[in-house]
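Heads up: the structure comes next, in structure tokens.
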Amino acid sequence: MKQSLQLRTSQHLALTPQLQQSIRLLQLSTLELHQELEQLLTDNPLLERLDDPLDHSLRLLGDGAISQQSAPAEASAEGPPQQPQDAAAAPAEADNFEAADNDRSGEADMDWSDAGRGKAPDDEDSRPQLEASHCTLREHLMEQMRVTVHESRDRALVELIIDALDENGYLEDPLDEIFARIPAELEIECEELQTALSLLQSFDPAGVGARNASECLALQIKRLPHIPLVTRRMALTIVEQHLTWFAQRDFNKLKKALVCDDEDLREAQTVIRQCNPHPGAAFAADVSDFVVPDVVVKKSRNGWQVSLNNDVMPRLRVNAMYANLLKQGKGEGQMGAQLQEAKWLIKNMRQRFDTILRVAEAIVERQKNFFSHGAVAMRPLVLREIADTLGLHESTISRVTTQKYMLTPHGMFELKYFFGSHVATEAGGEASSTAIRALIVQLTGAEDPKNPLSDSKIADMLGEQGMVIARRTVAKYREALKIPPVSLRKSL
């Protein structure tokens, strides 16, 4: 086969480094963004941060967010964020950047926050508060043991049982297995281990050391004060013998087994509900998860106003000293590339927040009824509708709405919350699935506890309001809302 050279012209998409960075920054959450920024600040000496995240810890103030119109003059002077450019334009852009930096003291600084905030550096809330030390369940029980148990032998047995407790305060291993693990030369009797368990079960919190839910509730009922004797006995009988019927709310079988009426069973139920089936959960060292809003929505005379939360917006700039060295030709070749990377990051960071603001404004414009009347007024919305309005791709809208949060008068919501599928109505219109979920919550919240609404009844009631929805769809939404089925919502 004869070899030859041919020239072909074709078009293809090329992702420049700047565009790749812009896409990556857009899909990061607030926490991931700051982690990424810290790494970039470490790697690039020409990039510096003006705000200290330790001095200005992420907090939401009532007037903390500023609108886009209150941004510094240099942001408005630059106009809307430009699309990522090719690296070939770097030298000219660098000259413009350095000149502006000298003339206007930091044209490229991404400073959208209120620098003063009206507080002195030594204010009490200018630095994060330290969290108090956490007391574990084991430490809590060991402290009680040191006060109540004096014999070293008894202390060792109680500590052995404490070490066998799980995070909820239950004894995981049977007492026989614990006894079998004790060396024979210690001459420990099984009765001594049982006595140590009984001593542990007298500690606080009530119910600790139980081997099952029935024993845990019984231990707590025995220690509840000011309970009539008859009611206490009935409650103990229920948790020790008929706990399954009680959990299934089979009140007819309970009344027949206990030979009691509704009033007596209701009093026993009230006593059982005072107990905690997980006594050790209060000592669990769970870290509370929290989110900081990216945008804030407030009511004004002109309608609903959307503004960026400046507490999550870092203030970045190029180091002036290194920039002057490069201008004088005294810098190394690598510093020129780092300067370009710093400018790219500042521009992409600004573009990220501007895009979030534009998407949030478009969402608020289409969901005005939600902000005025709540979730029941939510309208159907898809990503394509926002993408067509803003001239962006659906994938961009998906990145913007993932792990980005909006603070509203109704609470904190992820931007994806405002998008949902639609359900047809009898009038030929559409209803949002979010609005239907809110109606289900309202209907189940206002139902008669003695005669709760079934899924079929809820579907019929929604149909009376013009929403065509099947029973299985109601069941799916109810399970997503973590609402128990009708049999578990019934009460005396």
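For the stretch 202-218, does any single residue satisfy the condition of being aromatic (Phe, Trp, Tyr), in the same structural domain as ASP166 (by the TED database) and under 37 Å from the mean Cα position of the chain (by Cα)? The answer is yes, given that some residue of the stretch 202-218 is aromatic (Phe, Trp, Tyr), in the same structural domain as ASP166 (by the TED database) and under 37 Å from the mean Cα position of the chain (by Cα). If the condition is being assigned to a loop (DSSP other than H, G, I, E, B) and surrounded by fewer than 21 Cβ atoms within 10 Å (Cβ to Cβ), then the stretch 393-414 contributes HIS393, THR402, GLN403, PRO409, HIS410.
Among the residues of the stretch 144-155, the ones that are open to solvent by less than 70 Å² (accessible area, probe 1.4 Å) and over 42 Å from the mean Cα position of the chain (by Cα) come to 2 in all. When the stretch 252-262 is filtered for residues that are surrounded by 13 or more Cβ atoms within 10 Å (Cβ to Cβ) and part of a loop (DSSP other than H, G, I, E, B), only CYS260 remains. Each residue in the stretch 462-480 was checked for being surrounded by fewer than 16 Cβ atoms within 10 Å (Cβ to Cβ) and either over 27 Å from LEU243 (Cβ atoms) or hydroxyl-bearing (Ser, Thr, Tyr) (or both), and 10 pass.
From the set of residues in the stretch 292-338 that are among the basic types (Lys, Arg) and under 26 Å from the mean Cα position of the chain (by Cα), which is surrounded by the most Cβ atoms within 10 Å (Cβ to Cβ)?
Per the stated criteria, the residue is ARG315.
Here is the figure for the stretch 172-218: residues that are open to solvent by less than 60 Å² (accessible area, probe 1.4 Å) and on the phi > 0 side of the Ramachandran plot total 2. Considering only residues in the stretch 373-387 that are open to solvent by 20 Å² or more (accessible area, probe 1.4 Å) and touching a residue at least 60 places away in the same chain (Cβ under 8 Å), the one that is nearest to LEU26 (Cα to Cα) turns out to be ALA375.
Scanning the stretch 234-251 for residues that are within 35 Å of the chain's Cα centre (by Cα) and open to solvent by 80 Å² or more (accessible area, probe 1.4 Å), which turns out farthest from ILE221 (Cα to Cα)? Applying the filter and picking the extreme gives GLN248. Which residue pairs have Cβ atoms closer than 9 Å, lie 6 or more positions apart in sequence or on different chains, and pair a first residue in the stretch 348-372 that is farther than 15 Å from THR434 by Cα and open to solvent by 30 Å² or more (accessible area, probe 1.4 Å) with a second residue that is modelled with pLDDT of 90 or more and in a helix (DSSP H, G or I)? Partner pairs satisfying both residue conditions: ARG358/LEU390; ARG358/VAL400; GLU365/THR389. Within the stretch 219-246, being out of contact with any helix residue (DSSP H, G or I) (no Cβ under 7 Å at 6 or more places or on another chain) and closer than 14 Å to ASP264 by Cβ holds for PRO228, LEU229, VAL230, ARG233. Of the candidates ILE483, ILE436, ILE440, ILE458, the single residue that is open to solvent by less than 50 Å² (accessible area, probe 1.4 Å), part of a loop (DSSP other than H, G, I, E, B) and under 23 Å from PHE370 (Cα atoms) is ILE483. Being more than 38 Å from the chain's Cα centre (by Cα), assigned by the TED database to the domain that holds ASP173, surrounded by 14 or more Cβ atoms within 10 Å (Cβ to Cβ) and over 13 Å from ILE162 (Cα atoms) is not true of ILE221.
The values are calculated or read from the model by the stated rules, or taken from the named source; none is laboratory data. This structure is a prediction, so every number in the text was calculated from the model and none was measured. Backbone-built Cβ (ideal geometry, glycine too); neighbour counts: all protein chains shown. Accessible surface is based on the protein model in full, side chains and every heavy atom, while ligands, DNA and RNA are left aside. Shrake-Rupley method; radii C 1.70, N 1.55, O 1.52, S 1.80 Å.
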